[in-house]
1. Step by step: first the residues of the range 277-287, then only those that are within 15 Å of V352 (Cβ to Cβ) and part of a loop (DSSP other than H, G, I, E, B), then the one that is most open to solvent (accessible area, probe 1.4 Å). Which residue is that?
2. For residues in the range 379-397 being within 15 Å of ligand 1 (Cβ to nearest atom) and open to solvent by 10 Å² or more (accessible area, probe 1.4 Å), which is farthest from V240 (Cα to Cα)?
3. Let me spell it out: the conditions are (1) within 28 Å of V415 (Cα to Cα); (2) more than 17 Å from the chain's Cα centre (by Cα); (3) buried (at least 16 other Cβ atoms within 10 Å of the Cβ), and D146 meets all of them except one. Which number is the exception?
4. Could you tell me which residue of the range 332-346 is nearest to R272 (Cα to Cα), considering only residues that are surrounded by 21 or more Cβ atoms within 10 Å (Cβ to Cβ) and not charged (D, E, K, R)?
5. Looking at the range 186-245, which of its residues are under 20 Å from A423 (Cα atoms), small (G, A, S), touching a residue at least 40 places away in the same chain (Cβ under 8 Å) and open to solvent by 10 Å² or more (accessible area, probe 1.4 Å)?
6. Do the conditions hold for M114, that is, is it in contact with a Phe, Trp or Tyr (Cβ under 6 Å, 6 or more places away or on another chain) and of a type outside the set (G, A, S)?
7. Out of the residues in the range 236-252 meeting the condition of being of a type in the set (A, V, I, L, M) and not in a loop (DSSP other than H, G, I, E, B), tell me which one is farthest from ligand 1 (Cβ to nearest atom).
8. Filter the range 59-70 for residues that are over 16 Å from A384 (Cβ atoms) and out of contact with any Leu (no Cβ under 8 Å at 6 or more places or on another chain); which is most open to solvent (accessible area, probe 1.4 Å)?
Amino acid sequence: MLAATSPRRDTRLPLFVNGRTYEWPRQPTVIVCFDGCDPAYLTAASAAGAIPAIDRMRREGFATTALAAMPTFTNPNNVSIVCGVPPAVHGVSGNFYIDRETGREIMMVDATPMRAPTVLAVFSHAGASVAAITAKDKLRKALGHDLKGIAFSAEKADTCTEAENGIANVTDLVGRNAPDQYSADLSLFVLDAGIRLIESRRPDLMYLSLSDYVQHKHAPEAPEAIAFMAAVDTRLEKLVAAGAVVGIVADHGMNDMARADGRPNVLYLGDRLDTAFGPRATRVVCPITDPFVRHHGAMGGFVRVHLMRPDLVPEEVAAFIRIQPGVALALPREEACARFDLPEDREGDIAVIAAKGVALGARSVDHDLSQLAGEKLRSHGGLAEQTVPFILSHPLRLDRDMVEGGALRNYDIFVFALNNVEA
Ligand code: ZN
Ligand code: ZN
């Protein structure tokens, strides 16, 4: 590991990753992916006086909003952020895709290689000390891809090894056991581990990816959401106090997808297509989840439709989908990929995006919503969850134009934190 005081640091040439230039960190640089942090959570928590550290960053550093990559799911956006480029370049456009040749589901983050290196991996091979900590272990495998350094998840914190994770005894380091996979503490553990690493090892570059467990359950004004925001805020304060440049983005926002009576507001597109074109003529894929895992986050504002009969014409089926209530956009593959920077070989024949407040499902029999257990469905995936916070602890020195041109993306955060802050 490179010593934090290496005199060579400032003379190092910038690194090129996926066509973009990144300067060497002059001080520890920490990027936090605040999973599911819709800007509304900051607004509500700020009004409640619960996030003084983030408020200070917004006053004294830099704050705006940026657009997430589409679809607004966790994996495509986390991978976009660490690669600095959209899914068309790195290939991860959902949790899984249907192989167009065989019809089989292929997991995108653990069964297929990413097509682009991460900024983290490139810096680690150039000699920087790098750490990536994620909430869930599945994501750690993607974000830690080829990373020569520390990469572990809160979920599997109690089984970390030097060989697999670049670090052992994480629970001793943090001072508590690995948290439950479905808990607010999963995110807080990630942040606490990051604080301990900054204090003890001072990595040059660190990526902390949280979980949206709280935001799926609670609206921004809910006391549980405010308490969670406050808990995250005190930890961000500690990272800044330890001398880090901190950049905060989200992978996506979060919206209510419930009717007035509290029931989920779902358009079962599979049922509509079966009625119109016949059973098994089409296949609706919800890439927010694993193919066979059906928890309440399994529905969101984006699905892919595959045409299973050769006589079906994508533009005609898209025209039918477009007139269904609750559909915002239905685009044939080429158009969807051009518009949203998606990889064509992993797209369906038609990409469908829901209107705000609507979840898209396959056939109603494919989904088990009993696990909502009376909770309102809150989710993401569409354009309504594309706007996310983009915050830096330090003021900017460059690239105002890029910001004011409205072209800012969440996956620009590493460029901004490394190249453009007045540290
Ligand atoms: Zn997420
Ligand atoms: Zn989610």
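1. From the range 277-287, those within 15 Å of V352 (Cβ to Cβ) are 277, 282-287; that's our starting set.
When the remaining residues are screened for being part of a loop (DSSP other than H, G, I, E, B), the result is 286-287.
Details: C286: 16, P287: 0 Å².
Step by step, filter the range 277-287, then rank; the result is C286.
2. So the first thing to find is which residues in the range 379-397 are within 15 Å of ligand 1 (Cβ to nearest atom), and the list is 379-382, 384-389.
Next, from what is left, pick out any that are open to solvent by 10 Å² or more (accessible area, probe 1.4 Å): 384, 386-387.
Details: A384: 31, Q386: 27, T387: 25 Å.
Among them, the one singled out is A384.
3. Result: D146 fails condition (3) only.
4. The qualifying residue nearest to R272 (Cα to Cα) is A336.
5. A242, G243
6. So M114 fails the test.
7. Filtering the range 236-252 for residues of a type in the set (A, V, I, L, M) gives 236, 239-242, 244-246, 248-250.
Now narrow it down to the ones that are not in a loop (DSSP other than H, G, I, E, B): 236, 239-241, 245-246, 248-249.
Values: L236: 18, L239: 20, V240: 24, A241: 27, V245: 23, V246: 19, I248: 14, V249: 11 Å.
Ranking the candidates gives A241 first.
8. The first filter runs over the range 59-70 and keeps only residues over 16 Å from A384 (Cβ atoms), leaving 59-64.
Restricting the remaining residues to those that are out of contact with any Leu (no Cβ under 8 Å at 6 or more places or on another chain) gives 59-60.
On the way: R59: 166, E60: 109 Å².
Among residues in the range 59-70 that are over 16 Å from A384 (Cβ atoms) and out of contact with any Leu (no Cβ under 8 Å at 6 or more places or on another chain), the one most open to solvent (accessible area, probe 1.4 Å) is R59.
The values are calculated or read from the model by the stated rules, or taken from the named source; none is laboratory data. Worth saying up front: this structure is predicted, and the values here are computed from it rather than measured. When we count neighbours, we look across all protein chains shown, and the Cβ atoms used for this are built from the backbone with ideal geometry, even at glycine. These area figures cover heavy atoms from the full protein model, side chains too; ligands, DNA and RNA do not enter into them. Shrake-Rupley method; radii C 1.70, N 1.55, O 1.52, S 1.80 Å.
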